[in-house]
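What follows is a set of notes on a single structure, which appears directly below.
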Amino acid sequence: MGEKLRGGVSQHLRIAASETVLRTFLPGILQNLRKKFSKLKVSLREGYHPQVLTWLSAQEIDLSIGLIGGKPPSGVHAVPLFDVSLGLLVQKTSNLKSADELWNRDRIEESFITVPSNEPILRAFGDGLAKRKVEWISGIEVSSVEMVQTYVAHGYGIGVMVHLPELKLHPDVRVLPLPDFNHVTFGALWQGRKSPLMEEMFVALKTAAAGLVRRSGVGFDL
């Protein structure tokens, strides 16, 4: 029966994740998974929360890996892997030494740059600004974390992003930590029953996440 379950459709995984996760986090995981499922077929799709929730509901994907926000909608299950903190990206040549210098201004002139559909980041960042009674209205929306870095590096504003473990930064940017802002959770979302392939995928995800924690020291919660 085990060999039968490992054949045909059961070896196909449709995964949605950010470009960064697809490029840096998934390849090693899928390589290990293929050792147990030799006929593994994978369909990869770039996407962010909450867009991936729509894809899950429409059964267009089997699994989403990335920031998972708050409580998922009915029928969608979540597995938290680790928590990550927010940070501001500034040009390396910027005179800013800390985020507090921005909050103490009467008005922030720089545009803030972020991925528009990534709700967990914007929610946590907005809550942090509200607690400080800071307004930062203007903004630039780009399609990926890499684009955030590119536009910050070219002087278009200040980026808002998360400290994903082992994320490589653009050589012309640096990070201003936001230690007092709420963290966001990185994990996986899926719906329905887990197939043997999905069960093994979650084992591989947790193993990889534990390795990132050991190397990077980010918060961890399984």
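Here, each number is a calculation from the coordinates, and none is a lab measurement. Model, not experiment: these values are computed from the prediction. Glycine gets a Cβ as well: all are built from the backbone with ideal geometry, and neighbour counts include every protein chain shown.
Across the range 141-157, computed HN-Hα scalar couplings (Karplus, 6.51 cos²θ - 1.76 cosθ + 1.60, θ = phi - 60°) run 9, 10, 8, 7, 4, 4, 5, 4, 4, 4, 6, 5, 4, 8, x, 7, x Hz from first to last residue, x flagging Gly and Pro. Computed over the chain with a Gaussian network model linking Cα atoms closer than 10 Å, the most mobile of ILE29, ILE108, ILE68 is ILE108.
In percent, rounded to a whole number, the relative contact order of the range 1-116 is 26, using alpha-carbon pairs under 8 Å and six or more apart.
Think of each Lys and Arg Cβ as +1 and each Asp and Glu Cβ as -1; about the Cα centre, that makes the dipole of the range 86-177 roughly 220 debye.
Just subtract the alpha-carbon distance of LYS36 and GLU101 from 0.36 nm times their residue separation and send over the number in nm, one decimal.
Working: separation 65, 0.36 × 65 = 23.40 nm, distance 5.23 nm.
Once the chain is fully extended between LYS36 and GLU101, it gains 18.2 nm.
Let me have the relative contact order for the chain, percent, based on Cα pairs under 8 Å that are six or more residues apart. Present the calculation step by step, with values, prior to reporting the outcome.
Numbers: 386 pairs, mean separation 70.2, N = 222.
Relative contact order here is 32 percent.
Each DSSP beta bridge with both residues in the chain is either parallel or antiparallel, and the antiparallel ones are about 60%.
Run through the range 120-189 and list the GluC sites (Glu not before Pro) located in a DSSP loop whose Cβ has at most 15 other Cβ atoms within 10 Å. Spell out each step's value before the answer.
Values: sites: GLU135, GLU141, GLU146, GLU166; in loops: GLU135, GLU166.
Qualifying residues, ordered by number: GLU135, GLU166.
In this structure, the amide hydrogen of SER111, modeled 1.01 Å from its nitrogen in the peptide plane, lies closer than 5 angstrom to those of ILE158, counting only residues at least 5 positions away or on a different chain. Each other residue within a Cβ distance under 13 Å of GLU19 adds +1 if Lys or Arg and -1 if Asp or Glu, for a net charge of +1.
Using the Kirkwood radius over Cα pairs, work out the Stokes-Einstein diffusion coefficient for the range 86-177 at 37 °C and 0.692 mPa s, in µm²/s as a whole number.
Details: Rh = 13.2 Å.
My calculation gives 248 µm²/s for D.
Note on the chain: dipole from Cβ charges, positive end direction compared against VAL84, PRO177, ALA210; the farthest Cα belongs to ALA210. In the structure displayed, which of LYS36/LYS206; LYS35/LYS168; LYS71/LYS131; LYS168/LYS194; LYS39/LYS194 lie more than 24 Å apart, Cα to Cα? Among LYS36/LYS206; LYS35/LYS168; LYS71/LYS131; LYS168/LYS194; LYS39/LYS194, the Cα-Cα distance tops 24 Å for LYS35/LYS168; LYS168/LYS194.
Of the trypsin sites (Lys or Arg not before Pro) found in the range 37-79, the ones in coil according to DSSP and having at most 11 other Cβ atoms within 10 Å of their Cβ are LYS39. Rounded to the nearest 500, the helix-only mean residue ellipticity at 222 nm of the chain stands at -8500 deg cm²/dmol, with each DSSP H run of n ≥ 4 adding -39,500 (n - 2.57). For the chain, the Kirkwood estimate of hydrodynamic radius, built from reciprocal distances between every pair of different alpha carbons, is 18.6 Å.
Summary of packing: across the peptides 77-86, 92-101, the per-residue average of other C-beta atoms within 10 Å ranks them, highest first, as 77-86, 92-101.
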